[in-house]
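One structure is given below, encoded as structure tokens.
Here, each number is a calculation from the coordinates, and none is a lab measurement. For clarity, every value in this text was computed on a predicted model and none was experimentally measured. Positions of Cβ are backbone-derived with ideal geometry, glycine not excepted, and every protein chain shown enters the neighbour counts.
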Amino acid sequence: MQNNTFSTLFVGQNLIKLLEVDSTNNFLKVLVSNSEPLTEGTVIMADKQFAGRGQQDNVWHAEPGLNLTFSLFLKPSFLPVGKQFLLNMAVSIGIRNALQSFVKEGIRIKWPNDIYFGDQKMGGVLIENILSGSTYKAGIVGIGINVNQDRFDPSKLKSATSLKEILQQDVNLIELLAEICSHIEKQYLQLKAGSYQQLMDDYVSGLYKFNEPAAYRQNGEVIEGRIIEVTESGLLGILTNGELKHYNFKEVEFLNYTP
């Protein structure tokens, strides 16, 4: 455990670095379950995760020592349980804005919580919520970013990229972590101040395929439409054939072609 010189109030000030762990989210959940109170903003960073997870229990693969794989502890008890997706929005915007310090154009958030450059994935977020009745007790925010990795699974070569591939140079992991922590904190404080509409507008304005004609698959059927909105509960609003329809996670799949 160490203190940092990050220019933040609390996010990343308490940093725990691990060489190897099954999952930083799992490690953080164990810390949270201990009787000793954990400081909000604590970050668990690992060189290697051997059981990293993505959304819906997808496996997250990252080459050891080359990428950012970390988890962040937040206590958004001020946020109504029904609005918990707003935390996802705040975190995703923070990551996008931090990456835009390195890459000026092309960084987008792919609903609900992937980070894209063009049509290629470079990162993702997995938030595990801890609820106590109707109170939002804590959020375990797992983040993975492809940074200095330039070799990927052959089956994912066209769909994955990294900062190194984009910039053609290595990026200092701690400097990038500091930038991400700073931007996430800024968005989190906006969330805490109740700036819900501003967060929602910011989220959709930098959304992958927002207001663009695109193809999707829903219940095995290909549909064509435009993303118009994302609700505060996280539903994706697609305008198709003049009708606005809303979809929950895993109810709609992005297809990689333009109609």
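Structure summary
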| item | result |
| --- | --- |
| Point-to-point label distance, VAL103-GLN169, nm (Cα→Cβ direction, 7 Å offset) | 1.6 |
| Stokes-Einstein diffusion coefficient of the stretch 45-189, Kirkwood radius over Cα pairs, 37 °C, 0.692 mPa s, in µm²/s | 211 |
| Average Cα contact separation per residue, the chain, under 8 Å, 6 or more apart, as relative contact order % | 17 |
| Packing-based order for 158-167, 68-77, using average beta carbon neighbours within 10 Å, highest first | 68-77, 158-167 |
| Residue-span extension gain [SER77 to LEU18] - 0.36 nm each, minus C-alpha spacing | 18.4 nm |
| Simple label model, 7 Å out from Cα along Cβ direction - LEU189 to GLU36, nm | 2.8 |
| Cα Rg over Rh - the chain, Kirkwood | 0.95 |
| Chain lengthening between SER233 and SER205 when straightened (0.36 nm per residue, less Cα-Cα) | 8.4 nm |
